[in-house]
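See below for the structure under consideration.
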Amino acid sequence: VIDAVGNPQSLLLLGGTSEIGLAVAETFARARPLRVILAGRPGERLDAAAGRLRTAGATVSVLPFDARRPETHTEVVEKAFADGDVDVTLVAFGVLGDQEAAWTDLAAAREQVEVNYVGAVTVGVALAQRLRQQGHGALVALSSVAGERARRSNFVYGSTKAGLDAFYTGLTEALRPDGVTVTVIRPGFVHSRMTEGMPAAPLAQTPSQVADVIVRAVRTRQEQAWAPGPMRWVMTVLRHLPRPVFRRLPV
Amino acid sequence: VERERGQRRLLTGWGRTSPSAATVVRPADRADVVAAIGSAGPRGVLARGLGRSYGDPAQNSGGVVIDMTCLDRIHSIDAPAGTVTVDAGVSLDTLMRELLPHGLWLPVLPGTRQVTVGGAIGSDVHGKAHHVEGSFGNHVRSLDLACADGRVRTLTPDGPDADLFWATVGGMGLTGVVLGATLHVNHVETAYFVVDTDQEPSLDELMARQADHDDDYVESAAWLDVVTTGPNMGRGLLTRANHARVADLTKHAEDPLKFDAPHLPSVPDVFPPGIVNRFTARAFSEVWYRKSPTRHGVVQTITQFLHPLDVAANWNRIYGPRGFLQYQFVVPFGAEDAVREAVRTIAHSGHVSGLNVLKRFGAGNRAPLSFPTPGWTLCVDFPVRSGLNELCDRLDALVLDAGGRLYLAKESRTTADALQRMYPRIDEWRKIRAAVDPTGIFSSDMSRRLAL
């Protein structure tokens, strides 16, 4: 149960090596004893993530999870909830990849869509059933400002995040009567493994800055948040710019 | 009652934090309660009264919650013997109004009358009379408990099931569902109090005054200012009273047992967060302190003296959508420094609280989870905002160091580990509970959160 001041007791991280997700878990673990379930592809990186959270004082278990295999998602979610209530769930997996390949190569496009959109939706459906039974909880999905207005440079990624965003925004309404708060987080550019080597955009964030936004959203039961906060107003302007202007912008 | 007939609803405590969804069933009679227990699913079942506990003890997320206010009959009043037999869902408000014309008085009334008898037993509530009357459980002569096995047991404080009786008193509804009870009540001549008010300019003077002759009064509690810092830190108003006798009344002597509760309209749910802030709390504390200079022998009504908040329904809404929490602890006599340190910590924290109560508890009772123990109890309430977690954790450490404890009816954020150390008899209680409910059918958000 998330207590009156917003401390959870358990957390499920789907995308168990997500730098943002791990930073969220670390922050919560500092305030209260925290049980963490890391769901991700088994391997060294996942083990290292588990080690990092154990160092932060969390009780960690690891669960094999592949976003590309939707047929397994119900089972994965069942296993994640097997040891008791899950107070916070983070849907924090995703791929970016080569965005030129993504709109010219069919396999590359499909990979993006299957992981970022299909996987996020199937996992969301499985989570929703479990959270409704539980009658409480926070479900946080990592969207992106890339989904708010398609850009020439990353519109396949943007389209997957737009789909994810719409799904989880709708899910927010669907799960409200069941005591579950669904939060859609829209970060701008984040310095992470995913964006390594890419030129940073204005208002770029570190994973721990995004994590702070997520922690605050969970504690205050916010249903949507941008990272950083002012990005909301930037995007509001960008969404309304006429195309001839927008395409000239260095974004 | 079949589960299917229940209604899925979002529930919170009075603090309006941590909402969760449960299937709420409304029983028509005792058999419906037993049926609801029998058909409990994997998330269990829990009784709920008027929802005045502040945190999550009356929520059962994903499970069944039985709305006990449906069982609200007063079965019999035996005025000469001073006993009353009621259903668990009767509110103390209703009961008090029925008892007064008979010249009868509930010895234990908490800060609001809007609680049920079942809830008063489950939380073992106390009032301003604790130092004389003890807590609610002290006045329960017998109670009927619907248990996990579907049986209804009649329990008495000294009978063969005394262990289960005392585990149910203060047991937060986790031993079963209290269906009804027989209570001991006092005789009074009037519905009024003769009140002595002492205005004290500092915490030390307030505590010294309260320690002096407290036993001359049946009711005693102090309001104190936890916003002001400096030499006037913890200044307050000590109000102590005895029941007025007919001879004490000048104005109301022709109808000494008459009780009129004024009712303001319900507070609307329109307040943004932050209404209770440093400025409003400081202004409130100043006015509240100034309005009551030292005066002795003033005749006051029940509402004036005991339940000023009961005039407005839903007053909890002024704290805005994020809600608020109450923090109430007791530390033993001799640990006065812990009280001072707590007030200092709060006053310097930037977190504000207006409705603060300081009181001296008398002897505790036999219930393993009953809150009151001899000592000082301080109660404050904070609107939820960032940094409150850290403040409350600091206060927890102070309370633990002083050998004190928190009140479960108000608890909403501590840890299972802290609670374990606060209640040394908690394992004894767990054993009694496990014997009568081995699979844990009775469960609540609080029981999951604190591993009760």
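The values are calculated or read from the model by the stated rules, or taken from the named source; none is laboratory data. The model shown is predicted, which means the values in this text are computed figures rather than measured ones. Reconstructed Cβ throughout: ideal geometry from the backbone, glycine too, with neighbour counts over all protein chains shown.
Kindly provide the set of residues from the stretch B:414-436 that are aliphatic (A, V, I, L, M) and either within 14 Å of chain A (Cβ to nearest Cβ) or under 22 Å from B:Leu325 (Cα atoms) (or both), ordered by number. The answer is B:Ala416, B:Ala418, B:Leu419, B:Met422.
Please indicate, with yes or no, whether at least one residue in the stretch B:259-278 is out of contact with any Asp or Glu (no Cβ under 6 Å at 6 or more places or on another chain), hydroxyl-bearing (Ser, Thr, Tyr) and at pLDDT 85 or above. Taking every residue of the stretch B:259-278 in turn, none turns out to be out of contact with any Asp or Glu (no Cβ under 6 Å at 6 or more places or on another chain), hydroxyl-bearing (Ser, Thr, Tyr) and at pLDDT 85 or above.
Residue by residue, here is whether (1) β-branched (Val, Ile, Thr); (2) within 24 Å of B:Lys128 (Cα to Cα) holds:
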position: B:Thr250; (1), (2): yes, no
position: B:Asp260; (1), (2): no, yes
position: B:Phe279; (1), (2): no, no
position: B:Thr301; (1), (2): yes, yes
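Of the residues examined, B:Thr439 is not one that is facing chain A (nearest Cβ under 9 Å), surrounded by fewer than 20 Cβ atoms within 10 Å (Cβ to Cβ) and either among the β-branched types (Val, Ile, Thr) or in contact with a strand residue (DSSP E or B) (Cβ under 6 Å, 6 or more places away or on another chain) (or both). Taking the stretch B:155-186 as the range and being assigned to a strand (DSSP E or B) and under 15 Å from B:Leu46 (Cα atoms) as the test, the residues that pass are B:Val177, B:Val178, B:Leu179.
Matching residues to (1) small (Gly, Ala, Ser); (2) touching a Lys or Arg at 6+ places or on another chain (Cβ under 6 Å); (3) assigned to a loop (DSSP other than H, G, I, E, B):
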{"site": "B:Asp396", "(1), (2), (3)": "no, no, no"}
{"site": "B:Trp429", "(1), (2), (3)": "no, no, no"}
{"site": "B:Ala434", "(1), (2), (3)": "yes, no, no"}
{"site": "B:Leu452", "(1), (2), (3)": "no, no, yes"}
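Summed over the stretch B:360-377, the residues that are touching a Lys or Arg at 6+ places or on another chain (Cβ under 8 Å) and assigned to a strand (DSSP E or B) give a count of 3.
If you go through the stretch B:236-253 and keep only what is over 13 Å from B:Gly297 (Cα atoms), assigned to a loop (DSSP other than H, G, I, E, B) and in contact (Cβ under 8 Å) with a residue 40 or more places away in the chain, you end up with B:Lys251, B:His252. Here A:Thr72 meets each of (1) surrounded by fewer than 22 Cβ atoms within 10 Å (Cβ to Cβ); (2) in contact (Cβ under 8 Å) with a residue 12 or more places away in the chain; (3) not small (Gly, Ala, Ser) with one exception, condition (2). Here A:Gly197 clears all of (1) closer than 25 Å to A:Gly97 by Cα; (2) over 22 Å from the mean Cα position of the chain (by Cα); (3) exposed (fewer than 14 other Cβ atoms within 10 Å of the Cβ) except the condition numbered (2). Exactly one residue out of B:Leu406, B:Leu378 is under 16 Å from the mean Cα position of the chain (by Cα), over 23 Å from B:Leu145 (Cα atoms), aliphatic (A, V, I, L, M) and within 14 Å of chain A (Cβ to nearest Cβ), and it is B:Leu406. Considering (1) within 14 Å of another protein chain (Cβ to nearest Cβ); (2) assigned to a helix (DSSP H, G or I); (3) surrounded by fewer than 20 Cβ atoms within 10 Å (Cβ to Cβ), the lone condition that A:Val218 does not fulfil carries the number (3). The residue list B:Ser285, B:Ser220 contains one member that is under 18 Å from B:Arg344 (Cα atoms) and among the polar types (S, T, N, Q), which is B:Ser285. Within the stretch B:257-292, the set of residues being among the polar types (S, T, N, Q) and assigned to a loop (DSSP other than H, G, I, E, B) comprises B:Ser266, B:Asn277, B:Ser292.
Let's see how each residue does on (1) touching a helix residue (DSSP H, G or I) at 6+ places or on another chain (Cβ under 7 Å); (2) part of a strand (DSSP E or B); (3) within 14 Å of chain B (Cβ to nearest Cβ):
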residue: A:Gly119; (1), (2), (3): yes, no, no
residue: A:Thr122; (1), (2), (3): yes, no, no
residue: A:Gln133; (1), (2), (3): no, no, yes
residue: A:Val140; (1), (2), (3): yes, yes, no
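No other residue among B:Pro368, B:Pro372, B:Pro424 is in contact with a His (Cβ under 9 Å, 6 or more places away or on another chain) and either surrounded by 23 or more Cβ atoms within 10 Å (Cβ to Cβ) or of a type outside the set (Lys, Arg) (or both) apart from B:Pro372.
Would you be able to say whether some residue in the stretch A:142-161 is under 22 Å from A:Leu22 (Cα atoms) and within 14 Å of chain B (Cβ to nearest Cβ)? No: zero hits. The set of residues from the stretch B:102-153 being in a strand (DSSP E or B), free of Cβ contacts under 8 Å to residues at least 60 places away in the same chain and either out of contact with any Leu (no Cβ under 8 Å at 6 or more places or on another chain) or within 30 Å of B:Trp223 (Cβ to Cβ) (or both) comprises just one member, B:Val140. In this structure, is B:Leu388 among the hydrophobic types (A, V, I, L, M, F, W, C), surrounded by 17 or more Cβ atoms within 10 Å (Cβ to Cβ) and under 17 Å from the mean Cα position of the chain (by Cα)? In short, no. Is there a residue being touching a residue at least 40 places away in the same chain (Cβ under 8 Å) and of a type in the set (D, E, K, R) anywhere in the stretch A:99-108? No: the stretch A:99-108 contains no residue that is touching a residue at least 40 places away in the same chain (Cβ under 8 Å) and of a type in the set (D, E, K, R). Every condition in (1) within 11 Å of chain A (Cβ to nearest Cβ); (2) modelled with pLDDT under 95 is met by B:Ala21 except one, and the failing one is (2).
Within the bounds of the stretch B:264-276, is there any residue that is within 14 Å of chain A (Cβ to nearest Cβ), surrounded by 14 or more Cβ atoms within 10 Å (Cβ to Cβ) and aromatic (Phe, Trp, Tyr)? No, because not a single residue in the stretch B:264-276 is within 14 Å of chain A (Cβ to nearest Cβ), surrounded by 14 or more Cβ atoms within 10 Å (Cβ to Cβ) and aromatic (Phe, Trp, Tyr). Summed over the stretch B:43-101, residues that are away from chain A (no Cβ under 14 Å), assigned to a loop (DSSP other than H, G, I, E, B), under 26 Å from B:Asn316 (Cβ atoms) and aliphatic (A, V, I, L, M) total 4.
When you scan the stretch B:328-348, do you find a residue that is within 14 Å of chain A (Cβ to nearest Cβ), under 26 Å from B:Met422 (Cα atoms) and at pLDDT 95 or above, even just one? Before you say what the answer is, go through the steps one by one.
Here is the first cut: in the stretch B:328-348, the ones within 14 Å of chain A (Cβ to nearest Cβ) are B:328.
Remaining after also requiring under 26 Å from B:Met422 (Cα atoms): B:328.
Add one more test, that the residue is at pLDDT 95 or above, and what stays is B:328.
Checked against the condition, which is being within 14 Å of chain A (Cβ to nearest Cβ), under 26 Å from B:Met422 (Cα atoms) and at pLDDT 95 or above, the stretch B:328-348 yields at least one hit.
Scanning the stretch B:421-436 for residues that are touching a residue at least 60 places away in the same chain (Cβ under 8 Å) and among the acidic types (Asp, Glu) yields one hit, B:Glu428. The set of residues in the stretch A:130-169 that are surrounded by fewer than 19 Cβ atoms within 10 Å (Cβ to Cβ) and either free of Cβ contacts under 8 Å to residues at least 12 places away in the same chain or among the small types (Gly, Ala, Ser) (or both) comprises A:Gln133, A:Ala150, A:Ser153, A:Gly163, A:Ala166.
Any residue at all in the stretch B:113-132 that's modelled with pLDDT under 95, surrounded by fewer than 22 Cβ atoms within 10 Å (Cβ to Cβ) and either acidic (Asp, Glu) or under 30 Å from B:Gln210 (Cβ atoms) (or both)?
yes
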